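See below for the structure under consideration.
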Amino acid sequence: MAAKWAQKTVAIPAQRRGCHLITPKILREIEGDLSGFKCGLAHLFLQHTSASLTINENYDSDVQADTETFLNRIVPEGRSAPWKHTLEGPDDMPAHIKSSMFGCALTIPITDGRLNMGTWQGIWLCEHRDNASSRKIVITLNGI
């Protein structure tokens, strides 16, 4: 079997601040290509510096809310925050820090045409800005 590649850029509409389960949207966008892989890797790369990607709970939305609460407690925001970078608003520098904490890329195994994640795992887009724009994720599939 020869190795093959597929790549697609997926646009996620603007979201409110917080953590959002995007697994269904991702799967809809790549299902045609994904089904052709027996074994491989899916790489997701978010093309932004004020949002992030992570894998976490896909069932109880309280986990998403609690994660946002945690992030807001450990990364100060507002006039009393010590950040120098404020040109794009008081939530921008905290968004960059939160983005670096979770990161902008994920790698997920592909097995028999499916993303091989655990039962309770889902792909999250974490939006760290108050007034965000749409986000783009480049998804690259590689395997046999």
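The values are calculated or read from the model by the stated rules, or taken from the named source; none is laboratory data. Please read all numbers here as calculations on a predicted model, not as lab measurements. Counting neighbours? That spans all protein chains shown, and the Cβs are built from the backbone with ideal geometry, glycine included. Note: accessible area is taken over every heavy atom of the protein model, side chains too, but ligands, DNA and RNA are not part of it. Shrake-Rupley method; radii C 1.70, N 1.55, O 1.52, S 1.80 Å.
Of note:
- Restricting 107, 54, 69, 119 to those that are surrounded by 13 or more Cβ atoms within 10 Å (Cβ to Cβ) and at pLDDT 95 or above reduces the list to 54.
- Of residues in region 86-104 being modelled with pLDDT of 95 or more and open to solvent by 30 Å² or more (accessible area, probe 1.4 Å), the one farthest from residue 24 (Cα to Cα): 93
- Single condition residue 11 does not satisfy, out of (1) exposed (fewer than 14 other Cβ atoms within 10 Å of the Cβ); (2) more than 12 Å from the chain's Cα centre (by Cα): (2)
- The residue that is nearest to residue 17 (Cα to Cα), among those in region 65-91 that are of a type in the set (Lys, Arg) and part of a loop (DSSP other than H, G, I, E, B), is 79.
- Output for region 14-51, where each listed residue is surrounded by fewer than 18 Cβ atoms within 10 Å (Cβ to Cβ), in a helix (DSSP H, G or I) and not acidic (Asp, Glu): 23, 24, 25, 27, 28, 32
- Residue selection: residue 11 fails the criterion of being at pLDDT below 95 and not polar (S, T, N, Q).
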